[in-house]
Amino acid sequence: MHIKRSAALAAAVLLAAAACSSEEPGGASQERYYLSLGDSLAVGVQPDGEGGFEETTDGYTDALYRTLKDDRPSLRHERMGCGGEDTTTFKDGGLEPCGERYTEGTQLAQAERFLEEHRGQVDLVTVDIGGNNFTGCVDLGGDGDDGDDGESGDGGTPDVELDRDCVEDGLDRLEEEVPEITSRLRAAAGPDVQVIGMTYYNPFLAALLLEDSGDSGDGGGESGDGGDGDGDEDPSAEDEMVDYATGVLVEMNDILRSSYSDAGMQVADVEEAFESENFEVPEDGDSDMPTNVQYICDYTWMCNTEDGPDIHTNQAGAQYIAQTFERLVEAG
């Protein structure tokens, strides 16, 4: 009788121990992560209604996470982006508000640490970086309030100026630094984690074309201050600036695409989704805006006279970009 009781007790202890030991790793394995990296777009920076900017939960990464979590209840969002980061500060630090966030000193080093410590638990990494290599090269006029990313927010049609030496420097840094960023992220994540990088839309294109036309757009676009074309600007110079800005966008995104692909990452092609090179005016459209400008007006704050012009996406734009990522996640 005692033998039977002892055997039963031993069996119960073994079963309990097995349950406990499987519970702990099992619980840990059930906890999955989505790691988002990047600049102000990744952390939902929006105009705050008072001429400044604030982080919100309305970025594309937040919209994507909410959609993914519907099918993956255990998924956690590790939100690691910081407004203002460019490729240099992402890799080497130096942007004070961002550096204070990272115990490892930089966003890239912090991401590497997280990925290495959570090896086998990360389902997805997304990254957008490089746009801020150029935001300091563009002056939209106004009162010079550079907020988070250098945007002015005084409303009206912006008077756009481009510092081309600054642009060239931004492209040089992009070409040199993005391959290192992507290769380090891939090495830290391992070969089996889905990593998706993003190309950029061109918000300044809307400013350039609307400045030229004085078109106020739909639902609160900029009002022109000389729509009859009798201003001092030289139309041929404006056309040349539009061509230049478009060429820079293409070159920037080509560098991003090749760097992502070379590192075994997928590309959420936001440039293509925003039809950035489509200057055609739709025959059945509600306005006479080119298609690419209409996307910017619909999905960013660039054509908003009350809180803009501002390069960031509005909620509709964040959702639209999230859908571009979502298609890759579903396919992957």
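Per-residue answers, yes or no, for (1) at pLDDT 50 or above; (2) closer than 12 Å to PRO309 by Cβ; (3) touching a strand residue (DSSP E or B) at 6+ places or on another chain (Cβ under 7 Å):
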position	(1), (2), (3)
GLY136	yes, no, no
PRO158	yes, yes, no
CYS166	yes, no, no
ALA187	yes, no, no
GLU211	yes, yes, no
GLY227	no, no, no
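In region 248-269, is there at least one residue being touching a strand residue (DSSP E or B) at 6+ places or on another chain (Cβ under 9 Å), charged (D, E, K, R) and under 30 Å from ASP48 (Cα atoms)? Within region 248-269, one or more residues are touching a strand residue (DSSP E or B) at 6+ places or on another chain (Cβ under 9 Å), charged (D, E, K, R) and under 30 Å from ASP48 (Cα atoms). Scanning region 298-318 for residues that are assigned to a loop (DSSP other than H, G, I, E, B) and within 18 Å of ASP128 (Cβ to Cβ) turns up TRP301, MET302, ASP310, ILE311, HIS312, ASN314.
Being of a type outside the set (Gly, Ala, Ser), modelled with pLDDT of 95 or more and buried (at least 20 other Cβ atoms within 10 Å of the Cβ) is true of VAL270.
Restricting region 58-73 to residues that are of a type outside the set (Lys, Arg) and at pLDDT below 95 leaves a set whose member that is surrounded by the most Cβ atoms within 10 Å (Cβ to Cβ) is ASP58. Selection of region 232-287 for residues being in a loop (DSSP other than H, G, I, E, B), aliphatic (A, V, I, L, M) and under 18 Å from the mean Cα position of the chain (by Cα) yields only MET265. Applying the selection to region 273-317, what residues are closer than 22 Å to ALA331 by Cβ and surrounded by 23 or more Cβ atoms within 10 Å (Cβ to Cβ)? Passing the criteria: only PHE274.
Taking the options THR305, THR313, name whichever one is within 17 Å of ASP39 (Cβ to Cβ), out of contact with any His (no Cβ under 9 Å at 6 or more places or on another chain) and in contact (Cβ under 8 Å) with a residue 60 or more places away in the chain. Only one candidate qualifies: THR313.
Picking from residues in region 279-310 that are in contact with an Asp or Glu (Cβ under 7 Å, 6 or more places away or on another chain) and of a type in the set (A, V, I, L, M), the one that is nearest to LEU209 (Cα to Cα) is MET289. Would region 124-134 turn up any residue that is modelled with pLDDT of 90 or more, touching a helix residue (DSSP H, G or I) at 6+ places or on another chain (Cβ under 8 Å), among the small types (Gly, Ala, Ser) and on the phi > 0 side of the Ramachandran plot? Yes, because at least one residue in region 124-134 is modelled with pLDDT of 90 or more, touching a helix residue (DSSP H, G or I) at 6+ places or on another chain (Cβ under 8 Å), among the small types (Gly, Ala, Ser) and on the phi > 0 side of the Ramachandran plot. When each of LEU108, LEU115 is tested for being surrounded by 21 or more Cβ atoms within 10 Å (Cβ to Cβ), more than 16 Å from the chain's Cα centre (by Cα), in contact (Cβ under 8 Å) with a residue 40 or more places away in the chain and in a helix (DSSP H, G or I), the lone residue that passes is LEU115.
Condition (residue is farther than 27 Å from ALA109 by Cβ, surrounded by 14 or more Cβ atoms within 10 Å (Cβ to Cβ) and modelled with pLDDT of 65 or more) applied to region 172-182: is it met by at least one residue? Scanning region 172-182 turns up no residue that is farther than 27 Å from ALA109 by Cβ, surrounded by 14 or more Cβ atoms within 10 Å (Cβ to Cβ) and modelled with pLDDT of 65 or more.
A search for C-beta distances below 7 Å between a residue of region 67-85 that is assigned to a loop (DSSP other than H, G, I, E, B) and any residue that is aromatic (Phe, Trp, Tyr) and surrounded by fewer than 20 Cβ atoms within 10 Å (Cβ to Cβ), counting only pairs 6+ apart in sequence or on different chains, returns nothing.
The values are calculated or read from the model by the stated rules, or taken from the named source; none is laboratory data. All of these numbers come straight from a predicted model, not from anything done at the bench. Here Cβ is always computed from backbone atoms with ideal geometry, including for glycine, and neighbour counts include all displayed protein chains.
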